[in-house]
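Have a look at the structure below before the remarks.
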Amino acid sequence: MPLLDTPLELPAELRPRLGKARRAVAFTGAGISKESGLDTFRDVGGVWQQVRPEDMATLDAFRRRPAVVWSWYAERWGRASAVAPNPAHFALARWEEIFPYFTLVTQNVDGLHPRAGSRRLIELHGTLAWARCDFCGFRLPMGEAVAKSPDRPPVCDCGGLLRPAVVWFGETLPPGAMERATEEASLAEIFLSIGTSGNVYPAAGLIDVAHQCGACLIEINPEPTPFSRLAHLSLRAPAGEALPALTEAILACRPPNT
Ligand code: OAD
């Protein structure tokens with residue numbers, strides 16, 4: 001039984017804004033990939049209940065136990081490649097055609113957004129799809145790196161170790177990523193936050209930036225978050241149901257070719 005009434009009825013006071021907006025940003029977290037079959041981090045049974053972040057998601061952990069950390073990420077990469085994008089990922093790929101200026105900012109490393117067709121994408125926490133040398137920065141597709149060496153990190157020609165190209169706790173975000181995302185959030189007329197608990201900074205700060213700069217804030221999450229009280233519209237439903245419904249509702253209030 002769907003949780004939302006479909007077609008979704010947008011609040012009358014938001015319709016003109018959503019109908020006219022030219023700049024939109026979507027900000028995604030692990031919840032958008034839940035219906036594809038991937039675990040979130042902080043829900044019951046989530047990734048950080050299976051392992052401790054300090055044992056798997058820090059440079060120090062990698063240096064202490066490279067084989068353990070590499071194998072864990074190789075398995076996560078295998079799982080992410082084995083599942084398919086869901087209707088929420090595909091709906092967001094369509095937002096690139098709906099809005100003249102659209103940016104998708106994701107905290108996810110699972111690669112499902114690009115596989116669903118999203119191109120205007122900032123991957124704030126890096127990606128599982130690539131391995132990179134811890135020393136010289138050389139990059140290799142994760143599939144090739146894992147095929148070469150499933151149980152321990154492959155050794156680079158420079159002598160360094162290859163690691164997953166994700167951002168670990170205590171590391172800086174990819175160069176320029178947060179600056180570009182902040183700029184887009186500050187200009188956004190619509191800011192859509194989907195499937196994130198809003199716990200991890202600096203990424204979660206984008207929601208505040210968009211709110212302070214006057215964006216219409218929409219949240220999709222079955223559970224309330226620290227940002228729910230700021231939202232102009234909260235859809236308490238799974239992303240795979242809510243995002244296609246929201247997309248159709250926004251399209252219905254936009255004149256053709258806006
Ligand atoms: P969390 O696990 O913290 O939050 C996932 C959110 O998704 C929760 O608020 C859930 O209520 C919501 N959720 C669950 N099922 C959903 C569904 N079907 N549709 C929509 N929402 C759903 O994950 P993130 O917020 O992504 O960083 O976590 C942020 C960062 O913390 C991650 O990028 C990762 C982690 O540590 C690093 O590893 C650097």
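The values are calculated or read from the model by the stated rules, or taken from the named source; none is laboratory data. All figures in this text were calculated on a predicted structure; none of them were measured in a lab. Because the Cβ atoms are built from the backbone with ideal geometry, glycine has one as well, and the counts that use them run over all protein chains shown. Keep in mind that these areas ignore ligands, DNA and RNA; they rest on the heavy atoms of the full protein, side chains included. Shrake-Rupley method; radii C 1.70, N 1.55, O 1.52, S 1.80 Å.
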What is the Cα centroid distance between region 1-32 and region 52-72, reported in whole angstrom? 39 Å
When the helix-only estimate is applied to the chain (DSSP H runs of n ≥ 4, each -39,500 (n - 2.57), divided by the residue count), what is the mean residue ellipticity at 222 nm, nearest 500 deg cm²/dmol? -10000 deg cm²/dmol
Can you tell me the accessible area per residue over region 15-131, all protein chains present, probe 1.4 angstrom, in square angstrom? 43 Å²
On average over all directions, what projected area in square nanometres does region 46-104 have, based on the convex hull of its Cα atoms? 5.9 nm²
Take the alpha-carbon positions of region 1-81, form their convex hull, and give its projected area averaged over all directions (one quarter of the hull surface) in nm². 9.0 nm²
Against the longest principal axis of the chain, how steep is helix 177-187, in degrees 0 to 90 to the nearest 10, with axes from Cα atoms? 0 degrees
Of Met178, Gly29, Ala131, farthest towards positive along the dipole that unit charges on Lys, Arg, Asp, Glu beta carbons give the chain: Ala131
Note on region 1-62: contact order normalised by length, alpha-carbon pairs under 8 Å, 6 or more apart, percent, works out to 12 percent
Once phi is turned into ³J(HN,Hα) by the Karplus curve 6.51 cos²θ - 1.76 cosθ + 1.60 with θ = phi - 60°, what whole-Hz value does each residue of region 37-48 show in order, with x for glycine and proline? x, 9, 6, 7, 8, 10, 6, 4, x, x, 3, 7
Report, to the nearest whole %, how much of the accessible area of region 1-128 belongs to carbon and sulfur atoms, 1.4 Å probe, protein only. 54 percent
For the chain, which cysteines have no disulfide-compatible partner, meaning no other cysteine Cβ under 4.7 Å? Cys213, Cys216, Cys253
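How would you order 197-209, 45-57 from highest to lowest mean count of nearby Cβ atoms within 10 Å?
On the way: 197-209: 17.6, 45-57: 14.1.
Highest to lowest by the protection proxy: 197-209, 45-57.
Provide, as a two-decimal number, the C-alpha radius of gyration of region 135-180 over 2.2 N^0.38 Å, N being how many residues it has.
1.32
Could you grab the relative contact order for region 158-258? Cα pairs under 8 Å, six or more apart, rounded to a whole percent.
20 percent
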Calculate the radius of gyration of the Cα atoms of region 35-165 to one decimal place, then report Dmax, the largest Cα-Cα distance, as a whole number, both in Å. 15.9, 48
Which whole-number percentage describes the relative contact order of region 1-131, with Cα contacts under 8 Å and a sequence gap of 6 or more? 27 percent
Heavy atoms of Ile122 accessible to a 1.4 Å probe, total area in Å² rounded to 10: 10 Å²
On each of the three principal axes the extent of the alpha-carbon atoms of region 96-235, given in whole Å and largest first, is 52, 32, 28
Gap in Å between the Cα centre of region 106-121 and the Cα centre of region 209-251? 19 Å
Using only Cα positions of the chain, each an equal point scatterer, no hydration layer, compute I(q)/I(0) via Debye at q = 0.07, 0.16 Å⁻¹ and quote the log10 values to two decimals. -0.25, -1.17
The size of the Cβ-based charge dipole (Lys, Arg +1; Asp, Glu -1) of the chain about the Cα centre, to the nearest 20 debye, is 340 debye
Residue-normalised accessible area of region 143-208, expressed per residue, 1.4 Å probe, Å²: 46 Å²
